[in-house]
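Trainee: Input: one structure, supplied below.
The values are calculated or read from the model by the stated rules, or taken from the named source; none is laboratory data. Every value quoted in this text rests on a predicted model; they were computed, and no experiment measured them. Neighbour counts are summed over all protein chains in view; Cβ atoms, including those assigned to glycine, are modelled from backbone coordinates with ideal geometry.
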Amino acid sequence: MRRLGRRNFVGGMGAAALFSPFISLLKPGRAEAAVGSAKYLLVFHTTGTNIDLWHPAGSTNDQIMFSEMLAPLEPLREDLVIIEGLDSKGTASNHAAPGGLTGQTYGAAKISLDQFVGDKLEEQGVSTPFSSLIFGGESSQEQSTFFRDGQALSPLFKPSSAYSTVFSGISGGGGEPDAVSELRLARRQSILDTVTDQLDTLSGKLGSEERHKLELHADSIRELEQRLTLGSSGGGEACPEIPQPADSSESLHNCALLADMAATAFGCDLTRVAGIEFGNHQATQVGIPEIGTGDWHQFMHSNQMAELTGVERFICEQFVAVAEKLKTLPAPDGSGSIYDQTLMIWTRGMGDSIGHSGTNMRFVLAGGAGGYLNQTANGRYLQGGGDAHQRVLFNCCEAMGISDFTGFGSTDASAGPREPLSSIGS
């Protein structure tokens, strides 16, 4: 095995992009930037729902009684904090209202939670290739979830293009065109195969515990690649690029894959902040056999409650699936898994989509979050009592070590205190 120092190893762009958390273990006296309890923030975002069907009736502060919609969250029970009864203060009361992640209304909305946290982490010295990543949505629909400088941002919605964007440069030499990267993927050549020598060298420099973590990390990358190349006929034949379906009928499945990709990006330390918008606030075609076929928006307004419940349960399942994947990704600093250091939050663009109201906003929080969340063995259920929903967004900032909220959220006195809800953080 040839000798390779840290400088030469990091000089190989591919290895540096994929394994930077482990490369940093080779550096003596490694110091982590002064961040808070959690190191990663993962945002699931959807439109509103039917609040009566969603409501976990009978829940108490220290025990969640899941509704049928929320039942798939059961595997995460002891890590969950479920909140409802919060008021958007007029910022999230209709389609395309920006308040869900900004806390501000039309014309005033400047920056969403994901962008704000990403910027603040950079200011604190957390250096990753992407300050934040946003995925999902619908290519044919107006985007209104993620904001920067008062403008709605368009997330990466096609899995293959998102893969090329996030994991570009992995083959060395400063990257390759998207077409080449996608062709490499289509031929099923693992990106790990392009850095085999460097990976072997790194493995040889790590202790047994860290080496095992590295192997698990590499396995997670291979698994993601395999999911992206499903449908290949094998035998080395090229499989087609995974397209965005023309009728968008598989958009929710695409979002599930993108959520898995976000977890892999955390594992590679390519970013500390990621958001996934499941569908769109206005129109999302659903083509999932166990749910049915139709328009998510129409499910809400045409009394198709079984289909609406099915969509919500599907997203619950993806929330759990990503959490379980994060649990398999070891934290390079030795502090458990990536999940232990991640705050997961499911946010909404409206509260009651049936009535187009933002007076009853709801959140689902989970993850180890570095011990930030106040959790119980049977889960926690909180009633917001009309507090401004943006206070939960402040909790996310606080969990990530941010105490100065200047430039984020509404400063209108009617929005209430500009501080996190004390009942959430431990």
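Trainee: So which of Ala92, Ala17 ends up being buried (at least 21 other Cβ atoms within 10 Å of the Cβ), at pLDDT below 65 and under 23 Å from the mean Cα position of the chain (by Cα)?
Mentor: So the residue among Ala92, Ala17 that is buried (at least 21 other Cβ atoms within 10 Å of the Cβ), at pLDDT below 65 and under 23 Å from the mean Cα position of the chain (by Cα) is Ala17.
Trainee: Let me ask something else. Could you identify the single residue in Thr359, Thr309, Thr342 that is polar (S, T, N, Q) and surrounded by 24 or more Cβ atoms within 10 Å (Cβ to Cβ)?
Mentor: Residue meeting the stated conditions: Thr342.
Trainee: Let me ask something else about it. Answer yes or no: is there a residue in the range 384-401 that is touching a residue at least 24 places away in the same chain (Cβ under 8 Å) and within 15 Å of His55 (Cα to Cα).
Mentor: Yes: one or more hits.
Trainee: Considering each of Thr293, Thr347, Thr271, Thr359 in turn, give the residue that is over 26 Å from Gly384 (Cα atoms), outside any helix (DSSP H, G or I) and at pLDDT 90 or above.
Mentor: The conditions single out Thr271.
Trainee: Next question, about the same structure. On the given criteria, is Leu308 touching a residue at least 60 places away in the same chain (Cβ under 8 Å), under 30 Å from Glu215 (Cα atoms) and either in a helix (DSSP H, G or I) or in contact with a Gly (Cβ under 7 Å, 6 or more places away or on another chain) (or both)?
Mentor: no
Trainee: Just checking, how many residues over the range 62-89 are part of a helix (DSSP H, G or I), within 19 Å of His45 (Cβ to Cβ) and under 17 Å from the mean Cα position of the chain (by Cα)?
Mentor: Residues meeting the conditions: 2.
Trainee: Which one of these is surrounded by fewer than 16 Cβ atoms within 10 Å (Cβ to Cβ), over 21 Å from the mean Cα position of the chain (by Cα) and not in a loop (DSSP other than H, G, I, E, B): Ser414, Ser403?
Mentor: Ser414
Trainee: Here's something else I'd like to know. Looking at (1) within 25 Å of Gly207 (Cα to Cα); (2) out of contact with any strand residue (DSSP E or B) (no Cβ under 9 Å at 6 or more places or on another chain); (3) surrounded by fewer than 17 Cβ atoms within 10 Å (Cβ to Cβ), which is the only condition Thr328 fails?
Mentor: Status for Thr328: all satisfied but (2).
Trainee: A follow-up question, please. As an exercise: evaluate Gly275 against (1) within 19 Å of Lys158 (Cβ to Cβ); (2) free of Cβ contacts under 8 Å to residues at least 24 places away in the same chain; (3) among the small types (Gly, Ala, Ser) and give the number of the one condition it does not meet.
Mentor: In the conditions (1) within 19 Å of Lys158 (Cβ to Cβ); (2) free of Cβ contacts under 8 Å to residues at least 24 places away in the same chain; (3) among the small types (Gly, Ala, Ser), Gly275 misses (2) alone.
Trainee: Another one. Could you please give the count of residues in the range 371-384 that are in contact with an Asp or Glu (Cβ under 7 Å, 6 or more places away or on another chain) and not in a strand (DSSP E or B)?
Mentor: Result for the range 371-384: 6.
Trainee: Here are some conditions: (1) in a loop (DSSP other than H, G, I, E, B); (2) aliphatic (A, V, I, L, M); (3) in contact with a Cys (Cβ under 7 Å, 6 or more places away or on another chain). Val117 meets all but one. Which one does it not meet?
Mentor: With (1) in a loop (DSSP other than H, G, I, E, B); (2) aliphatic (A, V, I, L, M); (3) in contact with a Cys (Cβ under 7 Å, 6 or more places away or on another chain) applied to Val117, the lone miss is (1).
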